[in-house]
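The values are calculated or read from the model by the stated rules, or taken from the named source; none is laboratory data. Computed from a predicted structure; not experimentally measured. Neighbour counts run over all protein chains shown; Cβ positions are idealised from the backbone, glycine included.
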Amino acid sequence: MLTRPFARSLFWFRRDLRAFDNAALHAALLQSERVFCVFVFDRQILDALEDRADRRVEFIWESVLELRSALRALGGDLWIAHAVASEAIPAIACALSVDAVFTNHDYEPQAKARDERVCEALARQQIEFKTHKDHVIFEKDELLTQGGKFFSVFTPYKNAWLKRLEAFYLKAYPVAKHAKRLADATQASADIRVSSSSVGFSTDIPSLDAMGVTRTNLREMNFPTGASGGEALLGDFLKRIDRYDEARNFPALKGPSYLSTHLRFGTVSIRGLAREAWTRWQEGSRGAEVWLSELIWRDFYAHILHHNPRVVERSFKPEYDGIAWSNDEALFAAWREGRTGYPIVDAAMRQLNQTGYMHNRLRMVAASFLVKDLLIDWRWGEAYFAAKLNDFDLSANNGGWQWAASTGCDAQPYFRIFNPLSQSEKFDADGVFIRKYVPEVAMLSNKDIHAPWLTSPVELRARGFAVGRDYPLPIVDHARAREATLAEFKRALNQKTKA
Ligand SMILES: Cc1cc2nc3c(=O)[nH]c(=O)nc-3n(C[C@H](O)[C@H](O)[C@H](O)COP(=O)(O)OP(=O)(O)OC[C@H]3O[C@@H](n4cnc5c(N)ncnc54)[C@H](O)[C@@H]3O)c2cc1C
């Protein structure tokens with residue numbers, strides 16, 4: 001009979017809130033006689049939130065509730081705490097006398113530092129810390145250039161990714177098959193119950209109120225949470241995946257998958273999604289091929305962050321660190337609040353503020369506008385998105401912002417500057433998306449809605465509308481702003497070359 005190295009283990013859920021196809025949970029079950037599952041609402045993260053109404057915390061809360069039900073259905077349970085994770089995990093591991101703690105990798109610098117602290121604390125108690133790849137298909141040094149370096153350009157990375165791919169990398173980890181090793185609350189002996197409660201863990205979930213978090217409009221929006229929400233969204237998307245390549249650029253269309261928040265919190269498995277995309281691509285779906293490419297971008301940015309943690313603070317290309325940003329507070333406020341006078345930019349920002357989501361095309365347009373039209377430091381925009389996006393992911397957000405600012409790896413060249421007007425006319429031609437989020441301009445014609453300030457005043461008067469009264473005048477003139485930005489980027493680059 002197979003002997004298992006560990007009598008008791010702890011499995012720590014973080015950004016992998018699912019009880020199926022979970023790499024480290026599967027490993028824990030294979031290697032242990034009994035596995036206790038825990039989740040921590042980390043005070044270090046929650047206490048730092050400025051806005052106490054955060055859709056992400058609510059998403060996690062709902063998803064943890066569902067996760068506990070899923071574990072119970074498998075015969076296990078979930079112990080939950082509201083505590084500082086780096087202290088609570090060693091404490092419960094010690095109280096339960098486990099031999100090992102299992103968890104999945106997180107590549108963000110702060111998470112890595114936390115895991116190092118946990119690992120050291122566990123080592124002092126002779127408890128092993130076993131970590132696994134789960135969040136991406138390829139991680140760390142699994143894909144490197146022929147010279148043994150990390151990839152800084154997407155296309156060769158993607159080619160290497162596809163070349164390396166085998167069925168093994170897309171295979172689901174069969175958690176349910178080994179679920180009888182999961183510890184449940186009734187099996188757990190009295191001393192275990194006492195130990196876990198003494199270090200702040202319980203199978204009851206702390207209320208949002210108790211954690212100082214208020215409810216948002218997540219439920220009103222019918223935002224699907226938990227593994228069931230991820231499954232429903234995927235099911236819906238697979239019906240339209242073949243058209244993804246055409247539909248994905250138009251914010252008024254139901255083009256993308258809307259799975260990013262689920263990918264962020266692991267209520268879906270990246271292996272499951274990549275498998276669906278790969279299989280459909282092999283069957284001839286162009287949409288599936290393009291969607292797989294987007295999933296590879298996600299791996300790519302995680303790869304960049306892992307190998308270059310400095311991008312969190314600085315430009316990937318150091319030559320862009322010398323740009324003299326205008327950083328005008330009033331312009332920044334107008335951008336944040338969706339009152340720039342450019343309807344497409346305002347619609348994008350209002351979508352973000354009202355829902356926590358922004359369509360990918362609009363993320364590019366809004367980011368480009370902040371950096372290249374307002375000459376505001378990309379880090380300001382990045383921080384605002386980080387605070388607001390339900391799907392905020394450090395590597396993808398940083399990658400997206402540095403791409404738009406031209407400071408990143410494989411970014412758009414600095415002289416390519418999005419024109420908000422032509423982007424609007426091209427990707428929201430009939431103004432359907434604009435009308436949804438900027439109702440003030442809804443009565444304008446499909447032609448005029450993109451640039452109300454260019455519409456003849458007579459026409460506007462006839463509609464009872466005045467630019468500057470009912471809707472802002474543009475806060476900058478795009479053509480002039482473009483010239484100023486080009487000059488500043490050129491100056492900064494020349495200066496760097498001379499130095
Ligand atoms: C300035 C900027 C900031 C961004 N910030 C984030 C962020 O914080 N979190 C985030 O998940 N994505 C971010 N993105 C990438 C992209 O906009 C979102 O992943 C996408 O809009 C999410 O919607 P979806 O799930 O419907 O996407 P789909 O089009 O259905 O794509 C499927 C998945 O692929 C991944 N993906 C798609 N595009 C990208 C991309 N360009 N880079 C990395 N992964 C990608 C995401 O995980 C996404 O869920 C950002 C892009 C830009 C330009």
Residue 358 vs (1) in a helix (DSSP H, G or I); (2) within 11 Å of the ligand (Cβ to nearest atom): all pass except (1)
From the list 397, 390, 353, which one is out of contact with any Gly (no Cβ under 8 Å at 6 or more places or on another chain), at pLDDT 95 or above and either within 14 Å of the ligand (Cβ to nearest atom) or not hydrophobic (A, V, I, L, M, F, W, C) (or both)?
-> 397
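Okay, residues lined up against (1) surrounded by fewer than 22 Cβ atoms within 10 Å (Cβ to Cβ); (2) under 23 Å from the mean Cα position of the chain (by Cα):
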position: 275; (1), (2): yes, yes
position: 308; (1), (2): yes, yes
position: 318; (1), (2): yes, no
position: 327; (1), (2): yes, no
position: 331; (1), (2): yes, no
position: 341; (1), (2): yes, no
position: 349; (1), (2): no, yes
position: 364; (1), (2): yes, yes
Number of positions in the range 137-161 that are assigned to a helix (DSSP H, G or I) and surrounded by 15 or more Cβ atoms within 10 Å (Cβ to Cβ) | 5
Complete set of residues in the range 228-254 that are touching a residue at least 60 places away in the same chain (Cβ under 8 Å) and within 27 Å of residue 422 (Cα to Cα) = 248, 249, 250, 251, 252
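Please note which helices (runs of 4 or more DSSP H) are completely contained in the range 230-334 and include at least 2 residues that are modelled with pLDDT of 95 or more, farther than 24 Å from residue 384 by Cβ and within 13 Å of the ligand (Cβ to nearest atom).
Working: elements: 244-247, 260-265, 270-282, 286-307.
Because the criterion is at least 2 residues that are modelled with pLDDT of 95 or more, farther than 24 Å from residue 384 by Cβ and within 13 Å of the ligand (Cβ to nearest atom), the helices (runs of 4 or more DSSP H) in the range 230-334 that meet it are 244-247, 270-282, 286-307.
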Hey, among the residues in the range 48-60 that are modelled with pLDDT under 95 and either among the charged types (D, E, K, R) or more than 18 Å from the chain's Cα centre (by Cα) (or both), which one's farthest from residue 354 (Cα to Cα)?
-> 48
From 28, 24, 81, 93, grab the single residue that is part of a helix (DSSP H, G or I), more than 22 Å from residue 172 (Cα to Cα) and either touching an Asp or Glu at 6+ places or on another chain (Cβ under 8 Å) or at pLDDT 95 or above (or both).
-> 93
When the range 400-424 is checked residue by residue, the ones that are more than 14 Å from residue 485 (Cα to Cα) and either of a type in the set (Ser, Thr, Tyr) or more than 7 Å from the ligand (Cβ to nearest atom) (or both) are 402, 408, 409, 410, 411, 412, 420, 421, 422, 423, 424
How many residues does the range 96-126 hold that are of a type outside the set (Asp, Glu), out of contact with any helix residue (DSSP H, G or I) (no Cβ under 6 Å at 6 or more places or on another chain) and either surrounded by fewer than 17 Cβ atoms within 10 Å (Cβ to Cβ) or part of a helix (DSSP H, G or I) (or both)?
-> 9
The lone exception for residue 344 - which of (1) more than 14 Å from the ligand (Cβ to nearest atom); (2) under 30 Å from residue 498 (Cβ atoms); (3) touching a residue at least 40 places away in the same chain (Cβ under 8 Å) it fails | (2)
Filter result (under 20 Å from residue 337 (Cβ atoms), of a type outside the set (Val, Ile, Thr) and buried (at least 19 other Cβ atoms within 10 Å of the Cβ)) within the range 431-449 | 433, 435, 437
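Check whether at least one residue in the range 162-174 is acidic (Asp, Glu) and surrounded by 14 or more Cβ atoms within 10 Å (Cβ to Cβ), and report yes or no. Walk me through it before giving the result.
Going residue by residue through the range 162-174, those that are acidic (Asp, Glu) are 166.
From the residues that got through so far, the ones that are surrounded by 14 or more Cβ atoms within 10 Å (Cβ to Cβ) too are none.
Checking the range 162-174: not a single residue is acidic (Asp, Glu) and surrounded by 14 or more Cβ atoms within 10 Å (Cβ to Cβ).
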